[in-house]
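Worksheet: the structure to be examined is printed underneath.
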Amino acid sequence: MKSLVKTELGFGNLEVQEKAVPSPGADQVKIEVKYAGICGSDIHTYEGHYKVAVPVTLGHEFSGEVVEVGENVTEFKVGDRVTSETTFYICGECEYCQSGDYNLCNHRKGLGSQQDGGFAKYLIARKESVHHLPEHVDYQSAAMTEPLACTYHAVAKTEINEGDVVLVTGPGPIGLLAAQVAKSHGATVIITGLTNDKVRLDKAKEVGIDYTVNTQEDDLQEVVNQLTNGYGVDVVLECSGAVPAAKQALGLLRKKGQYAQVGLFANAEVPFDLEKIIQKEIRVVGSRSQKPADWEPSLALMNEGKVNAKALVTHVYDITQWDEAYNAIKSGEAIKVLLTPAD
Ligand SMILES: [Zn+2]
Ligand SMILES: [Zn+2]
């Protein structure tokens, strides 16, 4: 089967290769991939910024149909519509594994980075990681369960109440999903971007985000003041990984506000005003990836129509068209790009 493989570390080194069709072990499920999303981390991997266990088939956000199950698998049968967590291996013994925080296990191995992932016709997942798709979740939406689960995870680390004002910085797929999750808690949500994020800010309006602000043209401070009587926003979900956005957001938080860092910065160490955190008694929290408990609620949000993931899909290519997909993402014209398998 054709697989899109990162063959060596460094820039590029991504090739369509012919690989043997895998067979499931006793506790595993073989999935025929329908769609697999390109994540920001795949772009970083392509460009050589992230280390993966080369050679490996990329793709950790996917949906598909069960085509074979191992002898110990009773939870799934051939024909089931599914998605899978990226977790392929965990130690099972550390404190984080014991509490279901697999995203924090030091020995975790993930599909599409340490184990062959979804940029291929078939992949093997462990049965514990696989989830059935609810009735109203189509395959394209389902391919976004993983990024949605990441945003669900981030929002769950904050407390958002009905009527709160939430500021989401960065209108990429993660920001657009995080904003919808925040809205599902009854918050009024502002999402910000720059002039070249126009397509994304328009998409935010389309999926029902309350306020979209181009910080290069509009006065964000003014918008926040009007909505909060000058107090500042209750919660910031920083999804841009851009230092100016993070700094501005910190300044717009109310006293006792909460700040969640979701986006990754290009350089890990950033200047950050800790004085504001002290004086305003701000709670800061980081959010890494997702864990099992985030998956069923994420699927439910899509099933109930509270999150529209499908609307974020702007381009679909097959895995042999990586270059086109990459260019669509780099040019800023795409929001979410999905890949399909190639025969
Ligand atoms: Zn991802
Ligand atoms: Zn562990």
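The values are calculated or read from the model by the stated rules, or taken from the named source; none is laboratory data. Since the structure is predicted, the reported quantities are computational estimates derived from the model, not experimental observations. As a convention, Cβ positions derive from the backbone with ideal geometry for all residues, glycine included, and neighbour counts pool all protein chains shown. Note: areas computed on protein heavy atoms with side chains; ligands, DNA, RNA excluded. Shrake-Rupley method; radii C 1.70, N 1.55, O 1.52, S 1.80 Å.
Couple of notes before you dig in:
- When residues of segment 31-62 are limited to those that are farther than 20 Å from F11 by Cα and more than 14 Å from ligand 1 (Cβ to nearest atom), the one surrounded by the fewest Cβ atoms within 10 Å (Cβ to Cβ): E32
- For L252: the one exception among (1) surrounded by fewer than 19 Cβ atoms within 10 Å (Cβ to Cβ); (2) touching a residue at least 60 places away in the same chain (Cβ under 8 Å): (1)
- Residues satisfying the stated conditions in segment 114-131, i.e. away from ligand 2 (no atom under 16 Å from the Cβ) and either touching a helix residue (DSSP H, G or I) at 6+ places or on another chain (Cβ under 8 Å) or part of a loop (DSSP other than H, G, I, E, B) (or both): D116, G117, G118, F119, A120, K121, H131
- Condition check for F265: within 30 Å of Y89 (Cβ to Cβ) and in contact (Cβ under 8 Å) with a residue 12 or more places away in the chain: yes
- Filtering segment 141-160 to residues that are over 14 Å from the mean Cα position of the chain (by Cα) and assigned to a helix (DSSP H, G or I) leaves only A156.
- Checking F265 against (1) part of a loop (DSSP other than H, G, I, E, B); (2) open to solvent by 70 Å² or more (accessible area, probe 1.4 Å), the condition it does not meet: (2)
- Residue in segment 189-201 that is out of contact with any Lys or Arg (no Cβ under 6 Å at 6 or more places or on another chain), of a type outside the set (S, T, N, Q) and within 21 Å of P297 (Cα to Cα) present: no
- Hits in segment 4-36 (condition: closer than 14 Å to S113 by Cβ and among the small types (G, A, S)): A36
- Every residue from segment 166-191 that is β-branched (V, I, T) and open to solvent by 10 Å² or more (accessible area, probe 1.4 Å): I174, T188
- Every pair of residues 6+ apart whose Cβ atoms lie under 7 Å, when the first sits in segment 94-113 and is near ligand 2 (Cβ under 6 Å from one of its atoms) while the second is open to solvent by 40 Å² or more (accessible area, probe 1.4 Å) and part of a loop (DSSP other than H, G, I, E, B): C94/N106
- For segment 1-25, a tally of residues being loosely packed, with under 15 Cβ neighbours inside 10 Å and in contact with a strand residue (DSSP E or B) (Cβ under 8 Å, 6 or more places away or on another chain) returns 6.
Condition check ((1) in contact with a helix residue (DSSP H, G or I) (Cβ under 8 Å, 6 or more places away or on another chain); (2) within 16 Å of ligand 1 (Cβ to nearest atom); (3) open to solvent by less than 80 Å² (accessible area, probe 1.4 Å)) across all residues:
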| residue | (1), (2), (3) |
| --- | --- |
| V69 | yes, no, yes |
| V73 | yes, no, yes |
| K77 | no, no, no |
| D80 | no, no, yes |
| E85 | yes, yes, yes |
| Y89 | no, no, no |
| Y102 | yes, yes, yes |
| C105 | yes, no, yes |
| G110 | no, yes, yes |
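- Of everything listed in (1) assigned to a helix (DSSP H, G or I); (2) open to solvent by 30 Å² or more (accessible area, probe 1.4 Å); (3) in contact (Cβ under 8 Å) with a residue 40 or more places away in the chain; (4) among the hydrophobic types (A, V, I, L, M, F, W, C), the single unmet condition for M302 is (2).
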